[in-house]
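Report on the structure given below.
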Amino acid sequence: MISLNAVYQFVDEYDRIRIVYVDNDLCAYVHINWKLSMPKVERISIIEEQYDNNHIVQVNDPYFGIKSDNDLSEIEVQKRDAAWQMIQKYWESNKNDILDKKTRMQIFEEISQNEGISLMTVRRTFSRFWQRGMTRNALLPDYFKSGGKGKEKNITEKMGARRIHGNDSEGIIITKEVKDQFEASTERYRRTGQKKSLRQVYRAILADYYSITVKTNAELGKILLSDDSLPTYNQYYYWFKKNENPTLDIKSQEGEKEYELKHRPLQSNSTVEAPGPGFRFQIDSTPIDAHIVSEADRNAVIGRPILYIIIDVFSRMITGVYIGLEAASWNGAMMALDSMVADKVELCRKYNVNISHEDWPCLYVPKIIIADRGEMKGHGVDNLINNLHIEIENTSPYRGDLKGIVERYFRTVNERIRSTIPGAIMKDFRKRGDPDYRLAAKLTLKEISEIVIRCVLLHNIQDIEKYPLSSAMIRDDVLPTPISLWNWGIANKKGSLRIIDQHRFRMNILPRGKASINRGALIFNKRRYGATKLLDESFFQRLKLRSLEIVYDPRNVDNIFLLQGDRESSIVLNLLDTDRDYKEMFWEDVIFINKRSAMLHKTAKKSQLQQEIELDQKIMKISKESTKNTNKEIDPTVSKRKRIEDIGPNRAEEKDRNRKKEAFMPETIQNDLPASIIPFPNDDSHNALQNEPRGETSDYNSRMMEKIRQRKEKLRNDENDYE
């Protein structure tokens, strides 16, 4: 439908018209691209037909704008209001006559006479009124087109005030040639990453363009021209500021990453990206600015712990926290994600902090997690995406500003820690003789974890400065605190939060591996695991696969998890006693031991190979000499059959000779030593013997002495046989 004041453009040419009158089936329009245009009356049906056939299309009004009288000069306001009074006086009362081509000029001549202005001024005023939107400000004069703004002046003499001191050089006229020199030197010395100052660039300009090269003592040097022939630093500085390109200069001086991080224009904020709680979580890690000691031995300083934080973008609510010794990696992020879905009441109780569920009501998974590439890489990330339907957005390297919310909280925590606990890093550089703050470390990992958790609870109820409260939040008297924004968002916004079983979540974020099967046990990284349940169910006998996929915790070698067929439940397998030496180790330690063991075996095999080669050579040498000796002693007159038939007798003779050689011969035979008597503790006769008076002999004793004499006699006979 054709509407009043609408602007249309002809498709086949750059010509635009504005509808200035609509009545029943007629309309009038003017050409807004012409310097002067009078209305043309046309049937609306014809204009609509052109519109329906795509000969013309509706476009934005090029003269639509917002101008305040405060932005206008006094003369602009006067000229505008005078022209507006004339339009109001004659346009509405003479509209039909002005639109009619036959009577238009007669009306314009009457206006010219009545107002005391020229006919052309009347025509131009009405034309501007129609072309520019038929508003009061459409009649403003085009003063902005006056002057030479944006145009280079053709300077023929020195500009600016003269200097007070006549002896100082005024510099030269900055012609186009000089400007080209300024541009070339700026590009060469400042915008190439050399980080030269403007003073250094200025000196380079003088050396390149305003000096003479001379040779003194076989060395080349430069002598500047006279002062009257040199541009001054102020002239170069004026040119540079006039033609400065801040974006290009910052990128060339500081680099693309630094520009994006600290200097890029900010046109939005993080809250715009999250329409409600749970839509976007940010995760990041940073070292805590304090050293801690070991829980096992407080004499041992173990360095700085790593803090992982997960925060909701919409409400600024911290939904997960982990303090450990894992550097920025999946292992640390995994623990933070586990705390994200954990019951916060139980989590806090581990660190001696008692809260209710309402104090920290966060045990959900979000729709999107924003993280660094280093922390969100691995098998667990794929499971978050594929199994739990969580999107992962990785930020560019060195772009901490893309996670500005969590980065800001890191600064807050470290500022509080630095001012309160011993062992904190107070400054970046120490002077010689300053005490070493590492030796002041007093807190353990568990103690500093309690401090961080209490800081998190305080954050969740603190005012968020500059939070963009919406009109609906203000209407509902929502406090700008994370806990209030979280609860309000859950009640009023489209939610993206989901509750998930923590065990199932762990099975998805823990890494996976392949375990081989061997006689009722699963072998993973050369360690053996088993479960009574699998043996009872004859699991291994029914299984046809040679390996199974398992889930393991990199920090605990004691157990692995075997996923069931439904992939939702799992069986816990325990480390067998054969590998009990590896209990309570990290998998990193086990893998290191495996590699070290393999290296030792490789070294041993290399030494063994050398010994085997030497043995083979020795065997060949012995065999060769033996063959030579035997061949010399073989009687050629003895037949082969005879040699084979005499194997039995030959073997018997050799056996007798070996027995005599191998017999044990005592070095000294002592015949006069009496043999000791060994009593039988359980014999009643022995007890009776012990009770008899000393010196008397019983029948039992007589029989034992007779046996001993017989034994001695036999030994003497054997000795005589050897002699």
If you go through the stretch 389-407, how many residues are of a type outside the set (D, E) and modelled with pLDDT of 70 or more?
-> 5
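Select from the stretch 344-360 the residues that are outside any helix (DSSP H, G or I) and either at pLDDT below 90 or of a type in the set (A, V, I, L, M, F, W, C) (or both) and list them in ascending order.
K350, Y351, N352, V353, I355, W360 - these are the residues of the stretch 344-360 that are outside any helix (DSSP H, G or I) and either at pLDDT below 90 or of a type in the set (A, V, I, L, M, F, W, C) (or both).
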Residue among I474, I451, I461 that alone is under 19 Å from E415 (Cβ atoms), in a helix (DSSP H, G or I) and without any contact (Cβ under 8 Å) to a residue 40 or more places away in the chain | I451
Which one of these does N594 not meet: (1) polar (S, T, N, Q); (2) at pLDDT below 80; (3) within 30 Å of Q502 (Cβ to Cβ)?
-> (3)
Could you tell me whether D581 is outside the structural domain of S329 (by TED's automatic domain parsing), surrounded by fewer than 10 Cβ atoms within 10 Å (Cβ to Cβ) and either part of a helix (DSSP H, G or I) or at pLDDT 85 or above (or both)?
-> yes
Do we find a residue being among the hydrophobic types (A, V, I, L, M, F, W, C) and at pLDDT 80 or above anywhere in the stretch 531-551?
-> yes
Note on the stretch 303-329: residues basic (K, R) and assigned to a strand (DSSP E or B) are none
What is the residue count in the stretch 300-326 for residues that are more than 16 Å from V452 (Cβ to Cβ) and among the acidic types (D, E)?
-> 1
Do we find a residue being over 17 Å from K241 (Cα atoms), modelled with pLDDT of 60 or more, surrounded by 11 or more Cβ atoms within 10 Å (Cβ to Cβ) and in contact with a Lys or Arg (Cβ under 7 Å, 6 or more places away or on another chain) anywhere in the stretch 146-166?
-> no
Are any of the residues in the stretch 50-61 under 18 Å from S127 (Cβ atoms), at pLDDT below 90 and outside any strand (DSSP E or B)?
-> yes
Free of Cβ contacts under 8 Å to residues at least 24 places away in the same chain, farther than 18 Å from I32 by Cβ and in a loop (DSSP other than H, G, I, E, B) - does that describe any residue in the stretch 68-90?
-> yes
Do you know which residues across the stretch 46-70 are closer than 12 Å to V11 by Cα and surrounded by 14 or more Cβ atoms within 10 Å (Cβ to Cβ)?
-> Q50, Y51, I56
What number of residues in the stretch 364-388 are within 10 Å of the chain's Cα centre (by Cα), of a type in the set (A, V, I, L, M) and at pLDDT 70 or above?
-> 2
Would you say N33 is at pLDDT below 90 and within 54 Å of the chain's Cα centre (by Cα)?
-> no
Kindly indicate whether K493 is within 30 Å of M317 (Cα to Cα), basic (K, R) and at pLDDT below 75.
-> yes
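The values are calculated or read from the model by the stated rules, or taken from the named source; none is laboratory data. Owing to the predicted nature of the structure, the values given are computational and were not obtained by experimental measurement. Here Cβ is always computed from backbone atoms with ideal geometry, including for glycine, and neighbour counts include all displayed protein chains.
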